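Chemist: First the structure, then my questions, so here it is.
The values are calculated or read from the model by the stated rules, or taken from the named source; none is laboratory data. All values derive from a computational prediction rather than experimental measurement. Cβ atoms come from the backbone with ideal geometry, glycine included; neighbour counts cover every protein chain shown.
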Amino acid sequence: MKLKWSLLLALGLLLSVFLVACSGDDGDSAEGTGSDDKKEEEPAKDEENVEQVLNFINGDTIPSMDPSMATDEYGFQFLGATMEGLYRLDENAEPVEGIATEHKVSENGLTWTFTLREDAVWSNGDPVTAHDFVYAWQRAVDPDTGSEYGPYMMGGVIKNATAVNTGDVPVEDLGVKADGDYTLVVELENPVPYFESLTTFGTFLPLNQKFVEEQGDKFATSTDTLLSNGPYKLTDWESTSSSWNLEKNADYWDAETVQLEKMTYEVVKDPQTGVDLYESGTVDRAGLSSDLVDQYSTHEDYVVTPETSVFYLKMNQTRNEALANTNVRAAISRAFDKQALVDQILNNGSLVANGLIPANFTPMPGGGEDFREVSGDLVTYDVEKAKEYWEKGLEELGTDSVELEFLAGDSETAKTMNEYLANQLETNLPGLKVTLKQVPFEQRLDLDTNMDYDIQFSGWGPDYLDPYTFLNLWLTDGGNNKMGYSNPDYDALLEKTTTELAQDNEARYQTFLEAEKMLFEDAAIAPVYQSAMAQLVSPKVKGVYVNPFGPTYEYKWASVGSEE
Amino acid sequence: MVRYILRRVFYMVITLFIIATVSFFLMKMLPGSPLKAEDKLTEEQKEIVLEKYGLNDPVPVQYITYLKDLVQGDLGISFAFDNTPVTKILMDRIGPSAQLGAQSLLVGTFLGILFGLIAAISHNGILDYTSTILAVLGTSIPSFVFAGLLQWFLAVETGWFPVALWGTFEHTILPTIALMIFPMATAARFTRTEMIEVMGSNFITTARAKGVSEYGIIFKHGMRNALIPLVTVIGPMAVSLMTGTLVIEQIFAVPGIGEQFVSSIMVNDYPTIMGTTLLFAFLFVVIILVIDLLYVLIDPRIRLTGGKS
């Protein structure tokens, strides 16, 4: 019986495809080629010709749609599509107006006053007001909420965030106040030049207090217990769902800009299955794992998108005396061929990293060159130099052999990479013996916390648009340092960027350049590569931007274009 | 009979209690914590979150709390799915796995018995060898190999079936076929061996001498006896099929419980791990009881209570 029904359905669909094709015939050919330029003026006409629906794969379920609780890629992705904070990142990762239309910063950089638009509404009809932001931000750091990202993102930024989280002061003391319904006044702990872009992040989204409290424990566990104030609404979703949709939110203040009617999502974890679904036309985009790239890199829809995560070797200076020696570390950081690793093992468009700050992440202030380009290659593969440093180091240690434990992940790609790196180090540095210790992620974190390793393969993705998100990792008391690196000069430089230079972005970036250089003079870490994602993307997917941090994709300006 | 069942149920409860205890402590030995942004938080911040989930209490205290809730039928709230009760996760995920498991078990054993029978009847004939070779291949080649092949040839290349995903009956066909190979091959091998043995026993000769038709001999006298040992194998197989398989569920993107179980372990979602373990254990002991009772029905030589009656 079911079979018959679906046959009928399939026939019906086929028929409708023909009908659509026919009806669109008269103007289609002309429209198809010129649609890109005309989109601005005639979005309505475009919609008539192509069905504005895209079908996507999601790598997993959405664990949380509660902005205060979300911690992962998918949570932030769907929060970004269904909600809107003060600002939103555009194509060039520049903050553009969201619920806020403009803001003023006080002379000392500590008070930010945002003017909110008055025509923004929640999907239940309530207006989006400054009180919604106050409630959401207070909730994010309230210890009773148990949020992880709240204290992480707001601590040290919003006034009293940490004190509220530890229960030392009441939540009302958090530095965020509503001045009437449409003015939001935020007080910061220190001047934060990147605060504007930070407000686009999921943790800073507003919440409708009445609705959240009505839903109680059920809040954000299904479509019915969610409110949207962004470009799309999440439909047919429950926390355990393996398929759901994003549908255009007609109540969004900027609904006329939004062209897509609907996006469908299906959870597919196996990359090969994703590619098969792409090839059969079921989905419009599929990610490629390293082992699939070989086969599909010549596919006409093959696309490589650079990401902003950087991977490097941490060298623990506290456990093995050899690694306390700067020359030994300098030798190790020059002794492996990164280009070969990127080309042959990863093979997905990843870039060689010769510094800490990723490429195409933060341009120098005033629309200047990319930070990475200005800073240049700070440490490159150079066997000769590596050997020189190595011999010097061994001499200082008074030994001719060193044994190191190499801690790393245990996925298939990771294993190949680990073996390659260990082999390169042993080959290029005579007298070095590397023992691999490959463990699951959780275990690696434990060992990292206890600083129970010599060399560790590790990585970091940015939490906001500023080099500080990477550079602060290596402060002496940095929570993620965990390798015993400490340079008071480095600490002082970074300290300066958050205090006396905080309002002078030009000088801050100059200081960041200095700090990054210092990090590699000390040979603190050995950068390996900057990741990229290899995908098959249908040419009809238009206007989807990849964000440098926060939600992976920005869909507000997305549309379905012609197949060509 | 009733007394026997009551006694068995009592032992089942004890078994489940032991399983709950052992897996609780094993789970606590897993490295890491359920914190999601562990690498980003300070020690103090971690404490605040752990406190909220009651994970700062000493492990024995956590264990007592856990048992108390369990007795009241409360499996807790998942750590990985925000505010979602574990029972809801289990209910949502067991469905697809159980459906695939039941379909593949039914079709698989039916076809397996059929092939086994044909092989036994044409003992040492060409059909026998063919089905034996197929059965050996079926038991030794892992199901994900079949899954990959089926997906490629019957879906991607020909477009006859959906490549993956879940929803309609068609979506279940390929994973069912992939899963049914093993029960089919196992059933075929068992049926063949038993059937050949039974067909050589004295009561078959007697039946033949009485002039029972060949049809009657095979189905009435032969098969009924040959299938008894098969019941022993089918039970555990049923449980393992219905509780889902990681690989098949991943390949066909089925939202099943097998795949969910592994994900929960990866992220230290303690309540979901415990809930799933207990559910599997429960299914297992129930099926074993059912099989023991089934024996009585199909094999007159087995009695539950002593030999007095």
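Chemist: Report, by residue number, each residue of region A:445-457 that is within 22 Å of A:S333 (Cα to Cα) and either β-branched (V, I, T) or touching a Gly at 6+ places or on another chain (Cβ under 9 Å) (or both).
Modeler: Within region A:445-457, A:M451, A:I455, A:F457 qualify.
Chemist: Let me ask another. Hey, among B:K220, B:K210, which residue is under 16 Å from B:L117 (Cα atoms) and among the basic types (K, R)? Don't jump to the end; show me each part of the working.
Modeler: Details: B:K210 fails: under 16 Å from B:L117 (Cα atoms).
From the options B:K220, B:K210, the qualifying one is B:K220.
Chemist: Quick one: A:L226 ticks every box in (1) under 27 Å from the mean Cα position of the chain (by Cα); (2) away from chain B (no Cβ under 14 Å); (3) under 22 Å from A:L86 (Cα atoms) except a single one, so which number is it?
Modeler: The failed condition is (2).
Chemist: Say whether the condition of being exposed (fewer than 15 other Cβ atoms within 10 Å of the Cβ) and either closer than 24 Å to A:F76 by Cβ or of a type outside the set (V, I, T) (or both) is met by at least one residue in region A:417-427. Let's see the steps before the verdict.
Modeler: Residues of region A:417-427 that are exposed (fewer than 15 other Cβ atoms within 10 Å of the Cβ), as a first pass: A:423, A:427.
Now restrict to residues that are either closer than 24 Å to A:F76 by Cβ or of a type outside the set (V, I, T) (or both): A:423.
For region A:417-427, residues exposed (fewer than 15 other Cβ atoms within 10 Å of the Cβ) and either closer than 24 Å to A:F76 by Cβ or of a type outside the set (V, I, T) (or both): present.
Chemist: Filter region A:271-291 down to the residues that are crowded, with 22+ Cβ neighbours inside 10 Å and either on the phi > 0 side of the Ramachandran plot or within 14 Å of chain B (Cβ to nearest Cβ) (or both) and list them by number.
Modeler: Residues satisfying the conditions are A:T273, A:G274, A:V275, A:D276, A:L277, A:Y278, A:V283, A:A286.
Chemist: Also, quick follow-up: Among the residues of region A:543-564, which ones are over 15 Å from the mean Cα position of the chain (by Cα) and either part of a helix (DSSP H, G or I) or among the small types (G, A, S) (or both)?
Modeler: Listed by number, the residues that qualify are A:G543, A:A558, A:S559, A:G561, A:S562.
Chemist: Let me spell it out: the conditions are (1) part of a loop (DSSP other than H, G, I, E, B); (2) within 21 Å of the chain's Cα centre (by Cα), and A:E107 meets all of them except one. Which number is the exception?
Modeler: (2)
Chemist: Right, another one. Among the candidates B:K28, B:K40, B:K68, single out the residue that is of a type in the set (K, R) and over 26 Å from A:S239 (Cα atoms). Give the derivation first.
Modeler: Numbers: B:K28 fails: over 26 Å from A:S239 (Cα atoms); B:K40 fails: over 26 Å from A:S239 (Cα atoms).
Sole residue among the options that is of a type in the set (K, R) and over 26 Å from A:S239 (Cα atoms): B:K68.
Chemist: I'd like to check something: does region A:162-169 contain any residue that is in a loop (DSSP other than H, G, I, E, B), surrounded by 15 or more Cβ atoms within 10 Å (Cβ to Cβ), touching a helix residue (DSSP H, G or I) at 6+ places or on another chain (Cβ under 8 Å) and more than 14 Å from every other protein chain (Cβ to nearest Cβ)? Write out each step before concluding.
Modeler: First, the residues of region A:162-169 that are in a loop (DSSP other than H, G, I, E, B): A:166-169.
From the residues that got through so far, the ones that are surrounded by 15 or more Cβ atoms within 10 Å (Cβ to Cβ) too are A:166.
Now narrow it down to the ones that are touching a helix residue (DSSP H, G or I) at 6+ places or on another chain (Cβ under 8 Å): A:166.
Still in the list and also more than 14 Å from every other protein chain (Cβ to nearest Cβ): none.
No; the residues of region A:162-169 include none that is in a loop (DSSP other than H, G, I, E, B), surrounded by 15 or more Cβ atoms within 10 Å (Cβ to Cβ), touching a helix residue (DSSP H, G or I) at 6+ places or on another chain (Cβ under 8 Å) and more than 14 Å from every other protein chain (Cβ to nearest Cβ).
Chemist: Among the numbered criteria (1) within 7 Å of chain A (Cβ to nearest Cβ); (2) within 30 Å of B:I288 (Cα to Cα); (3) surrounded by fewer than 17 Cβ atoms within 10 Å (Cβ to Cβ), which single criterion is violated by B:K52?
Modeler: All conditions are met except number (2).
Chemist: Still on this structure, please answer the following. Can you pull out the residues in region A:321-370 that are part of a loop (DSSP other than H, G, I, E, B) and touching a Gly at 6+ places or on another chain (Cβ under 6 Å)? Talk me through it step by step, then tell me what you get.
Modeler: Taking region A:321-370 first, the residues part of a loop (DSSP other than H, G, I, E, B) are A:325, A:335-337, A:347-350, A:353-362, A:364-369.
The one that is part of a loop (DSSP other than H, G, I, E, B) and touching a Gly at 6+ places or on another chain (Cβ under 6 Å): A:N325.
Chemist: Moving on to the next point. Of all residues in region B:229-258, which are more than 10 Å from every other protein chain (Cβ to nearest Cβ) and assigned to a loop (DSSP other than H, G, I, E, B)?
Modeler: Residues satisfying the conditions are B:T243, B:G244, B:T245.
Chemist: Turning to a different aspect of this structure: Tally time: how many residues in region A:201-229 are under 29 Å from B:W166 (Cα atoms) and assigned to a loop (DSSP other than H, G, I, E, B)?
Modeler: 6
Chemist: I want to confirm something. Restricting to region A:430-455 and keeping residues that are acidic (D, E) and closer than 29 Å to A:E388 by Cα, which single residue is nearest to the other protein chains (Cβ to nearest Cβ)?
Modeler: First, the residues of region A:430-455 that are acidic (D, E): A:442, A:446, A:448, A:452, A:454.
The next check asks that each one be closer than 29 Å to A:E388 by Cα; those that pass are A:452, A:454.
On the way: A:D452: 12, A:D454: 19 Å.
By that ranking, first place goes to A:D452.
Chemist: Read through the list (1) at pLDDT 90 or above; (2) buried (at least 20 other Cβ atoms within 10 Å of the Cβ); (3) not acidic (D, E), then give the number of the only condition that A:T235 fails.
Modeler: Every listed condition holds for A:T235 apart from (2).
Chemist: Within the bounds of region A:179-191, is there any residue that is modelled with pLDDT under 95, under 17 Å from B:K40 (Cβ atoms), acidic (D, E) and in contact with a Lys or Arg (Cβ under 9 Å, 6 or more places away or on another chain)?
Modeler: Looking through region A:179-191, none of the residues is modelled with pLDDT under 95, under 17 Å from B:K40 (Cβ atoms), acidic (D, E) and in contact with a Lys or Arg (Cβ under 9 Å, 6 or more places away or on another chain).
Chemist: Among the residues of region B:148-170, is any within 14 Å of another protein chain (Cβ to nearest Cβ), among the hydroxyl-bearing types (S, T, Y) and surrounded by 12 or more Cβ atoms within 10 Å (Cβ to Cβ)?
Modeler: Going through region B:148-170, the residues within 14 Å of another protein chain (Cβ to nearest Cβ) turn out to be B:148-170.
With among the hydroxyl-bearing types (S, T, Y) added as a condition, the list becomes B:158, B:168.
This time we only want the ones that are surrounded by 12 or more Cβ atoms within 10 Å (Cβ to Cβ), so: B:168.
Yes, region B:148-170 contains a residue that is within 14 Å of another protein chain (Cβ to nearest Cβ), among the hydroxyl-bearing types (S, T, Y) and surrounded by 12 or more Cβ atoms within 10 Å (Cβ to Cβ).
Rundown of residues vs (1) more than 14 Å from chain B (Cβ to nearest Cβ); (2) not in a helix (DSSP H, G or I), yes/no style:
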{"site": "A:L79", "(1), (2)": "no, no"}
{"site": "A:E102", "(1), (2)": "yes, yes"}
{"site": "A:D119", "(1), (2)": "yes, yes"}
{"site": "A:A136", "(1), (2)": "yes, no"}
{"site": "A:T145", "(1), (2)": "no, yes"}
{"site": "A:G150", "(1), (2)": "no, no"}
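Chemist: Report, by residue number, each residue of region A:110-122 that is surrounded by fewer than 20 Cβ atoms within 10 Å (Cβ to Cβ) and not acidic (D, E).
Modeler: We begin by selecting, within region A:110-122, every residue surrounded by fewer than 20 Cβ atoms within 10 Å (Cβ to Cβ); these are A:110-111, A:113, A:115, A:117-119, A:121.
Correct list: A:L110, A:T111, A:T113, A:T115, A:R117, A:V121.
Chemist: Based on this model, can you work out whether B:T205 counts as more than 14 Å from chain A (Cβ to nearest Cβ), closer than 25 Å to B:A238 by Cβ, hydroxyl-bearing (S, T, Y) and assigned to a helix (DSSP H, G or I)?
Modeler: Details: more than 14 Å from chain A (Cβ to nearest Cβ): yes; closer than 25 Å to B:A238 by Cβ: no; hydroxyl-bearing (S, T, Y): yes; assigned to a helix (DSSP H, G or I): yes.
Criteria not met by B:T205.
Chemist: Determine whether B:F25 is within 9 Å of chain A (Cβ to nearest Cβ), aromatic (F, W, Y) and under 29 Å from B:F284 (Cα atoms). Don't jump to the end; show me each part of the working.
Modeler: Values: within 9 Å of chain A (Cβ to nearest Cβ): no; aromatic (F, W, Y): yes; under 29 Å from B:F284 (Cα atoms): yes.
It is false that B:F25 is within 9 Å of chain A (Cβ to nearest Cβ), aromatic (F, W, Y) and under 29 Å from B:F284 (Cα atoms).
Chemist: Does region A:524-542 hold any residues that are in a loop (DSSP other than H, G, I, E, B) and among the polar types (S, T, N, Q), and which are they? Quick ask: steps written out before the conclusion?
Modeler: Filtering region A:524-542 down to residues in a loop (DSSP other than H, G, I, E, B) leaves A:524, A:538-540.
Passing the criteria: only A:S538.
Chemist: While we're here: When you scan region A:276-291, how many residues do you find that are in a helix (DSSP H, G or I), of a type outside the set (D, E) and in contact with a helix residue (DSSP H, G or I) (Cβ under 6 Å, 6 or more places away or on another chain)?
Modeler: Step one: list which residues in region A:276-291 are in a helix (DSSP H, G or I), which gives A:276-279, A:290-291.
Those left that are additionally of a type outside the set (D, E): A:277-278, A:290.
Add one more test, that the residue is in contact with a helix residue (DSSP H, G or I) (Cβ under 6 Å, 6 or more places away or on another chain), and what stays is A:290.
Total satisfying the criteria: 1.
Chemist: Now a separate question. Would it be correct to say that A:E369 is of a type in the set (D, E, K, R) and touching a strand residue (DSSP E or B) at 6+ places or on another chain (Cβ under 9 Å)? Write out each step before concluding.
Modeler: Working: of a type in the set (D, E, K, R): yes; touching a strand residue (DSSP E or B) at 6+ places or on another chain (Cβ under 9 Å): yes.
When the stated conditions are applied, A:E369 passes them.
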